[in-house]
Amino acid sequence: MKTIAADVVVIGAGIAGASAGAALAESHKVVVLEREAFPGMHSTGRSAALFSEIYGSGPIRALSRASRDFLYSPPEGFAAAPIVHPRGALHIASPAQMAKLDAFCALADVAPSIRRLTAAEARAQCSVLRPDYVAGAALETGSADVDVDVLHQGWLRQLKARGGEVIVNAEVVRLSRSKAGWRVETPDLQIDAATVVNAAGAWADAIAGLAGVAPVGLQPNRRTALIVAAPEGSNSDEWPMVIDVDEQFYFRPDAGALLLSPGDETPTDPCDAQPDEWDVATAIDRVQTATTLQVHRVRRSWAGLRSFVADRSPVVGYAPDAPGFFWLAGQGGYGIQTAPAMGELACALVRGEPTPENLLRFGVEARDLRPDRFTESRATVQAD
Ligand SMILES: Cc1cc2nc3c(=O)[nH]c(=O)nc-3n(C[C@H](O)[C@H](O)[C@H](O)COP(=O)(O)OP(=O)(O)OC[C@H]3O[C@@H](n4cnc5c(N)ncnc54)[C@H](O)[C@@H]3O)c2cc1C
């Protein structure tokens, strides 16, 4: 079997592994191992591609704010096309959901990014909203559609230009301690490296298991999306993304058609997620209840995994129980929009450096993301 040496082995070539790998390749010899035949086959290639600074937990919102500059103004030569295309996000509430909308809009870091709209103003943004359904809304104007492929390929290219390597069809099947730090094995290859970055998405706890590292309690949840025709003669390309304030559904224009989701979160084992007919029907039913849209045919549907730990914030940092084993997991439904800041933070922490100043000023705190927050809370429960 071929044996090679590297400074850092990254497991997983999704958006997380690509962003961190590219950043680390500036100073380290990086090898990224991907089980599938091409990078991006799992969550990264299946997202709804929203960038929003008010979506997700507090730490997620901070990471998203810190990612904005990169997404809107990437470094010279990084991307062949724009990464983001501005599109508002309209958070809507029915009469029964108005208290929820008010509470959401009152959050200190949400309020400056939104404008409250009346029901009539919301319908002016998206003409198909039913007058008897929508009672009020909040419009985020700084949100955008992300071209995930442009972003992902940008990092993969940057990684290679910096001397890094992506090896596909390379499933990590064994991890053991070695003189260098870790020996990482695939069926055809073994690599010795000081550091292993666990960016295996829904499989991150399984990778920890191979290394004998305590899991962080990652739960993959299936989410469904489908494409249907946009109403003929409408200006649907100009609509914002419309999101139910309880995330029971959302829809947005997608290349002349509409992307719908029921906002499902079905717990599942890590897998190649497939859409369930019930979830597809639920998306259609919920969107038809809130709008005058009539869905006659589903052009395409898919599902992907959004993997969360208990507090729904990512896990970034060295494992407390295994030197050189670095977690980069738990991105949930926000791994695209947070990837620039996550990659930069992961790179700094792998190198043993403090959180970069340009992340701190947006409120990114490495301690909110530390892997040992789980072991600490377990210890507190036991002590009580
Ligand atoms: C329907 C849907 C909508 C979403 N919408 C948004 C959105 O609007 N905005 C947003 O920011 N995010 C969104 N997300 C979330 C986003 O897609 C994820 O957070 C992100 O893609 C996670 O990236 P990742 O690199 O961690 O995981 P992945 O892309 O899953 O990559 C992990 C990789 O690790 C590889 N791997 C696993 N085990 C091994 C092994 N043993 N050896 C080698 N390789 C291995 C896998 O093959 C995989 O390619 C959405 C997700 C879904 C499913």
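The values are calculated or read from the model by the stated rules, or taken from the named source; none is laboratory data. Being a predicted model, the structure only gives us computed values, none of them experimental. Heads up, the Cβs are rebuilt from the backbone with ideal geometry, glycines too, and the neighbour counts pull from every protein chain shown.
Would you tally the residues in the range 187-210 being among the polar types (S, T, N, Q) and crowded, with 19+ Cβ neighbours inside 10 Å? Give the derivation first.
Filtering the range 187-210 for residues among the polar types (S, T, N, Q) gives 190, 195, 198.
Then keep just the ones that are crowded, with 19+ Cβ neighbours inside 10 Å; that gives 195, 198.
Going through the range 187-210 one residue at a time, the tally reaches 2.
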Looking only at the range 134-186, and only at residues there that are more than 26 Å from the chain's Cα centre (by Cα) and closer than 30 Å to VAL245 by Cβ, the one that is surrounded by the most Cβ atoms within 10 Å (Cβ to Cβ)
VAL134
Could you check the range 329-358 and list, in sequence order, the residues that are in contact with a Leu (Cβ under 8 Å, 6 or more places away or on another chain), of a type outside the set (S, T, N, Q) and either within 11 Å of ALA16 (Cα to Cα) or within 11 Å of the ligand (Cβ to nearest atom) (or both)?
ALA329, GLY330, TYR334, ILE336, ALA339, PRO340, ALA341, MET342, GLU344, ALA346
Sole exception among (1) buried (at least 18 other Cβ atoms within 10 Å of the Cβ); (2) at pLDDT 95 or above for ASP102, by number
(1)
Of all the residues that make up the range 118-143, how many are in contact with a helix residue (DSSP H, G or I) (Cβ under 7 Å, 6 or more places away or on another chain) and closer than 24 Å to ARG61 by Cα?
6
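If only one of ALA93, ALA16, ALA23 is within 30 Å of GLU247 (Cα to Cα), surrounded by 22 or more Cβ atoms within 10 Å (Cβ to Cβ) and away from the ligand (no atom under 12 Å from the Cβ), which one is it? Steps first, please.
Details: ALA16 fails: away from the ligand (no atom under 12 Å from the Cβ); ALA23 fails: within 30 Å of GLU247 (Cα to Cα).
When all the criteria are applied, what remains is ALA93.
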The range 262-308, residues that are within 12 Å of the ligand (Cβ to nearest atom) and either in a helix (DSSP H, G or I) or over 24 Å from PHE38 (Cβ atoms) (or both)
PRO262, GLY263, ASP264, GLU265, THR266, ASP279, ALA283, PHE308
In the range 1-13, what residues are outside any loop (DSSP other than H, G, I, E, B) and surrounded by fewer than 24 Cβ atoms within 10 Å (Cβ to Cβ)?
LYS2, THR3, ILE4, ALA5
Got at least one residue in the range 3-11 being outside the structural domain of SER113 (by TED's automatic domain parsing), more than 10 Å from the ligand (Cβ to nearest atom) and in contact with a His (Cβ under 6 Å, 6 or more places away or on another chain)?
yes
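Which residues, taken from the range 161-187, are out of contact with any strand residue (DSSP E or B) (no Cβ under 7 Å at 6 or more places or on another chain) and either within 16 Å of the ligand (Cβ to nearest atom) or not in a strand (DSSP E or B) (or both)? Break it down into steps so the answer makes sense when it comes.
From the range 161-187, those out of contact with any strand residue (DSSP E or B) (no Cβ under 7 Å at 6 or more places or on another chain) are 161-163, 168-169, 171, 177, 179, 187; that's our starting set.
ALA161, ARG162, GLY163, VAL168, ASN169, GLU171, LYS179, PRO187 - these are the residues of the range 161-187 that are out of contact with any strand residue (DSSP E or B) (no Cβ under 7 Å at 6 or more places or on another chain) and either within 16 Å of the ligand (Cβ to nearest atom) or not in a strand (DSSP E or B) (or both).
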Please go through the range 26-57 and pick out each residue that is outside any loop (DSSP other than H, G, I, E, B) and within 8 Å of the ligand (Cβ to nearest atom).
LEU33, SER43, THR44, GLY45, ARG46, LEU50, PHE51
